[in-house]
Each structure stands twice: as structure tokens, then as C-alpha cells.
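Peer 1: Provided herewith is a single structure, encoded as C-alpha cells, for subsequent inquiry.
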Amino acid sequence: MLRKKRGDLKPHNSSIILDLWPILKARNIKFPSAFLIKAGINNRTLVKMMNGEAVQVNFRQLTILCMNLNCTPNDLFVLRDMQLPEFHALNTLSVAGSEEDLPSVEEWLSGKSIEEVKTILRGK
């Protein structure tokens, strides 16, 4: 018996979407494609991720993204057109299209000691 992997799920049907641009901008990554290919994301997947067409992300890819961007999965996903009860946990995700100002690298690192910055850069 053959099964479709995704069924009818298309990027425009999904309410939880992968949005890499805000975190890439916050990390001041000038060449995101080169950065993500070097991190281990293959070119075909990268194109889908960057164009908002990715309908699935496996744990290997999610781990690569989180480790190399020094973030959590919560930082990578946003909600789109989804009505949730007031206290639902998914409300902690940002909303797609919202112009949430993320701090610049300088703002994010300001107030941190040299040792804290070294720890962040080592990924520990």
C-alpha cells in the first residue's frame, strides 16, 4: 500500500510556517544561502525554506538550523491565519507578516561580558 508523505498539505494551506528571514536578519547573515549550505542544508531544501515553500522540516534539519543560528525552534516558526483559544501555547509563536523588530547583533550582545560572548559563540 502506497501512502503520500504529505497528503494535501501545501505551504499555502499550513498555519504554522517556517520563517527564516527574521532570525537571519537578527544574526546579520549577509549571504544566507551560502551560510545554510555550509551548515549542512542541501540546496533543494534551502530554496524551499527561503521561499516559504517548505512543508516539512525533519529533526536533522531543525537541529542544524537551531545549532548554527543559536536559536530555538520557537524562533524559526510563525503562525498564519490560525484562531486559537486565548491561553493556547501556540500563541507564543509570532504571527507571520508581523513586523516584529528583532534586535541587531550589536543590541543583542550589548551588556554581555566577553566570557558570555565566547560561550555563545562556542554554542554552549
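Peer 1: Considering only the range 28-45, state which residues are open to solvent by less than 80 Å² (accessible area, probe 1.4 Å) and at positive phi.
Peer 2: Across the range 28-45, the qualifying residue is only Gly40.
Peer 1: Hey, among the residues in the range 72-82 that are in contact (Cβ under 8 Å) with a residue 40 or more places away in the chain and open to solvent by 20 Å² or more (accessible area, probe 1.4 Å), which one's nearest to Arg27 (Cα to Cα)?
Peer 2: Asp75
Peer 1: A follow-up question, please. Leu36: modelled with pLDDT of 80 or more, not in a loop (DSSP other than H, G, I, E, B) and not hydroxyl-bearing (Ser, Thr, Tyr), yes or no?
Peer 2: Judged against the criteria, Leu36 is a match.
Peer 1: Of the residues Lys25, Lys48, which single one is open to solvent by 70 Å² or more (accessible area, probe 1.4 Å), more than 30 Å from Glu116 (Cβ to Cβ) and assigned to a helix (DSSP H, G or I)?
Peer 2: Just a single option satisfies the conditions, and that option is Lys48.
The values are calculated or read from the model by the stated rules, or taken from the named source; none is laboratory data. Note that this is a predicted model, so its numbers are computed, not measured. Ideal geometry is used to build each Cβ from the backbone, glycine not excepted, and the neighbour counts take in all protein chains shown. The protein model used for the area step is the full one, side chains on, heavy atoms only, and it has no ligands, DNA or RNA in it. Shrake-Rupley method; radii C 1.70, N 1.55, O 1.52, S 1.80 Å.
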